[in-house]
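Here is the structure we will look at.
Each value in this text was obtained by applying a stated rule to the coordinates, not by laboratory testing. All values reported here derive from a predicted model rather than from experimental measurement. Note that each Cβ is placed from the backbone with ideal geometry, even for glycine, and that neighbours are counted across all protein chains shown.
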Amino acid sequence: MCPKSKGTFYITTPIYYVNDVPHIGHAYTTVAADVLVRFKRLEGYQAFFLTGTDEHGQKVEKAAQERGVDPKVHCDEMVKRFQSLWRRLNISNDDFIRTTEDRHKKVVQKILQDLYDRGEIYQASYEGWYCIPCERFWTEKDLTEGKCPDCLREVVEISEKNYFFRMSQYQSWLIDHIEKNDRFILPPSRRNEILGFLQNPLEDLCISRPKKRLKWGIEIPFDPDYVTYVWFDALINYVSGIGYSSDNPRFSDFWPEAIHLIGKDILTTHTVYWPTMLRGIGLTPPKMVFAHGWWTVEGKKMSKSLQNVVEPNRLIDTYGVDALRYFLMREVPFGMDGDFSHATMVHRINSDLANDLGNLFSRALSMVIRYFDGIIPVPSSLQEIDLRLQESSAKVIAQLPGQMNDLAFNKALITLWEIVSASNKYVDETAPWSLAKEEKDRPRLATVLYQTLEALRIIALLLAPFMPTTAEKMWTHLGMESNLWEQNLEADGNWGGLKPGGKIVKPTPLFPRIDTTKMEKKI
Ligand SMILES: [Zn+2]
């Protein structure tokens with residue numbers, strides 16, 4: 001750990017299924033993780049952000065077969081869609097793990113062997129029902145009218161030998177763990193859902209698939225006729241990605257400080273399978289699993305055709321990266337379901353970004369250019385109104401860390417906008433354009449503009465995790481020479497970090513106003 005560090009912080013997204021076309025839901029989880037990790041770095045934490053792709057299983061094997069290519073070649077091509085989207089979205093992940101990499105496969109096999117050696121895995125005959133698209137077994141009582149309870153498709157009857165992990169023995173331990181750690185599963189509605197699920201007997205987990213049915217997977221180390229069940233394989237990425245059994249110092253820096261961000265559809269695997277698997281190998285469960293909600297589009301459930309309209313690359317082309325990041329974090333409380341509509345997106349951009357933030361920025365910088373040749377003026381004695389602006393900034397800085405710890409991104413942005421509003425009000429009330437008329441008011445004009453620019457510097461600092469490109473643009477236009485990404489909230493959040501004498505860069509609009517009628521035609 002580096003000596004200046006406040007501690008360690010580890011955040012993950014699910015590893016996305018490599019066959020999927022990246023959609024707004026993938027973008028949502030990944031942007032949320034990125035915002036949080038950037039904020040933690042700003043706070044001084046030594047942070048690690050892991051994302052990646054889940055590349056094994058029947059659907060990948062089948063898609064590759066249909067294209068007549070090797071499954072690995074298929075994955076190598078498909079993974080690029082995620083990697084290029086994350087680059088476009090400015091995702092600052094420290095690593096990208098693919099389950100087909102040797103570093104991951106080795107850890108999966110080591111864990112399987114350890115569990116087997118200790119009698120945590122046994123072989124038994126399995127009789128029941130199997131859903132091929134979901135790659136899941138179901139017992140008779142699980143079925144919904146004879147069909148897969150998850151996807152409502154036909155299931156096939158199956159009888160075969162498989163390997164099982166003794167998950168059932170950890171049921172009471174797991175209930176106890178969830179009850180004692182009220183932030184292990186969030187939001188609370190999801191925690192209650194899992195506690196409800198655990199009122200029924202927990203079964204052992206089938207962790208193998210016979211090769212005669214599926215070849216594309218990680219071979220079971222003690223039986224070459226089988227490969228590993230995709231979920232058992234995939235979940236292990238959270239520890240293989242930070243050096244479990246290969247880099248112990250790094251692993252112990254970050255585990256169990258992990259926060260797993262997931263969609264609510266994969267809650268059971270992450271809060272039942274995963275903690276019991278960890279328990280089986282003697283590791284503590286992650287600190288938090290946070291399940292966010294789903295997006296509908298224009299009030300409707302996402303469908304193939306609608307997905308097309310909100311494909312993340314297309315949204316970036318239309319609105320820009322930062323506007324999209326802002327919308328996703330601002331519009332809906334994290335954990336709730338949300339609705340994407342172009343009308344609300346345009347409204348957010350025009351009101352919050354173009355009007356409130358953008359105008360403040362160009363107004364302030366233009367006045368410094370006009371009245372002080374672009375040189376940041378020296379402030380003189382402060383009046384009450386100046387101190388009020390400083391106080392509102394200090395108040396916001398005090399509130400943000402707690403809101404971010406609760407993953408209340410929308411609240412944090414609402415709080416941050418309090419400085420934007422306070423600054424707009426400050427400019428209106430101090431009326432620098434009137435002060436500019438009289439030579440005797442020069443010192444007061446200098447103070448007012450300095451205070452406004454300093455508020456903008458702090459806004460840029462706090463905005464950086466949410467809107468990295470915009471924040472950088474603001475930072476350099478304010479003549480800041482230090483690296484925005486090396487700032488520290490505690491030290492650099494203090495009032496007065498802006499140096500008089502620095503040179504302002506002539507501003508271009510941060511967010512041009514969107515013409516609603518033109519935009520409707522474009523969409
Ligand atoms: Zn199914």
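Sticking with the crude label model, points 7 Å out along Cα→Cβ, report the distance from Glu193 to Asp142 in nm, one decimal please.
Rounded to a tenth, the inter-label distance reads 1.8 nm.
If r is the Cβ-Cβ distance from Ala124 to Lys80 and R0 is 30 Å, what FRET efficiency results, to the nearest 0.05?
0.15
Please report the spacing between the Cα centers of the stretch 383-426 and the stretch 348-382 in Å, no decimals.
Using only Cα atoms to place each centre, the spacing works out to 18 Å.
Cα-Cα over 32 Å: which of Lys59/Lys300; Lys80/Lys264; Lys287/Lys425?
Values: Lys59/Lys300 27 Å; Lys80/Lys264 25 Å; Lys287/Lys425 42 Å.
Too far apart for the 32 Å limit: Lys287/Lys425.
Could you work out the pair-distance distribution P(r) of the stretch 295-352 from its alpha-carbon pairs, with 5 angstrom bin width and percents rounded to whole numbers?
All Cα pairs considered, the percentages come to 4, 18, 31, 28, 16, 2, 0.
At Lys287 and Thr469, where each label point lies 7 Å from the Cα along Cα→Cβ, what is the point-to-point distance in nanometres?
3.1 nm
How big is D for the stretch 428-510, in µm² s⁻¹ as a whole number, if Stokes-Einstein is applied with the Kirkwood radius of its Cα pairs at 37 °C and 0.692 mPa s? If you can, show how the numbers build up before the last one.
On the way: Rh = 13.8 Å.
Result for D is 238 µm²/s.
What number do you get for the chain when its Cα radius of gyration is normalised by 2.2 N^0.38 Å, N = residues?
In units of the globular-protein estimate, the chain measures up at 1.12.
Determine ³J(HN,Hα), in whole Hz, for all residues of the stretch 127-139 in sequence, where each value follows from phi through the Karplus function 6.51 cos²θ - 1.76 cosθ + 1.60 and θ = phi - 60°; x replaces Gly and Pro.
Karplus values, whole Hz, x for Gly and Pro: 10, x, 10, 9, 9, 5, x, 8, 6, 10, 8, 9, 8.
About the Cα centre of the chain, what is the dipole size in debye to 20, counting +1 per Lys and Arg Cβ and -1 per Asp and Glu Cβ, all else neutral? Numbers along the way, then the final one.
Numbers: 64 positive and 68 negative charges, 222 e Å.
The dipole magnitude comes to about 1060 debye.
Give the residue from Ala491, Asn19, Tyr244 lying farthest towards the positive end of the charge dipole for the chain; charges sit on Cβ (+1 for Lys and Arg, -1 for Asp and Glu) and the dipole is referred to the Cα centre.
Sorting the options by dipole projection puts first Ala491.
Scaled to the compact-protein estimate 2.2 N^0.38 Å, what is the alpha-carbon radius of gyration of the stretch 342-492, rounded to two decimal places?
On the way: Rg = 15.7 Å, N = 151, 2.2 N^0.38 = 14.8 Å.
With N residues counted in the stretch 342-492, Rg over 2.2 N^0.38 Å equals 1.06.
Which of the listed residues, Val108, Ile316, Ala408, is farthest toward the dipole's positive end in the chain, when Lys, Arg count +1 and Asp, Glu count -1 at the beta-carbon?
The residue sitting most towards the positive pole is Ile316.
Per residue, what volume in Å³ does the Cα convex hull of the stretch 1-97 take up? Before the final figure, lay out the partial values.
Details: hull volume 9.1 nm³, N = 97.
It comes to 93 Å³ per residue, whole-number rounded.
At 25 °C and a viscosity of 0.890 mPa s, what translational diffusion coefficient does Stokes-Einstein give for the stretch 1-47, taking Rh as the Kirkwood radius over Cα pairs? Give it in µm²/s as a whole number.
On the way: Rh = 12.0 Å.
In µm²/s, the coefficient is 204.
Rounded to the nearest 500, what is the chain's calculated 222 nm mean residue ellipticity when only DSSP H runs of at least 4 contribute -39500 (n - 2.57) each, over all residues? Could the numbers behind the result be given before it?
Numbers: 22 runs with 245 residues, N = 523.
So the calculated ellipticity at 222 nm is -14000 deg cm²/dmol.
Determine the distance separating the Cα centre of the stretch 269-342 from the Cα centre of the stretch 34-79; give it in Å without decimals.
That distance is 15 Å.
For the stretch 121-218, what does the equivalent ellipsoid look like in terms of its semi-axes, each the square root of 5 times an eigenvalue of the Cα gyration tensor, given largest first in whole Å? Write down the numbers at each step before the final one.
Details: eigenvalues 154, 61, 32 Å².
Those come to 28, 18, 13 Å.
How large is the Kirkwood hydrodynamic radius of the stretch 248-299, counting all unique pairs of alpha carbons, in Å? List each step's numbers first, then the result.
Working: mean 1/r = 0.0802 Å⁻¹.
One over the average 1/r among Cα pairs gives 12.5 Å for the stretch 248-299.
Quick one: which residues, 5 or more positions from Gly338 or on another chain, have an amide H under 5 Å from its amide H? H modelled 1.01 Å from N in the peptide plane, none for Pro or chain starts.
Placed amide hydrogens put Trp294, Trp295, Thr296 under 5 Å from Gly338.
On full extension of the chain, what length is gained from Glu429 through Asp337, given 0.36 nm per residue of separation minus the C-alpha to C-alpha distance? List each step's numbers first, then the result.
Working: separation 92, 0.36 × 92 = 33.12 nm, distance 3.99 nm.
Taking 0.36 nm per residue and subtracting the Cα distance, the gain is 29.1 nm.
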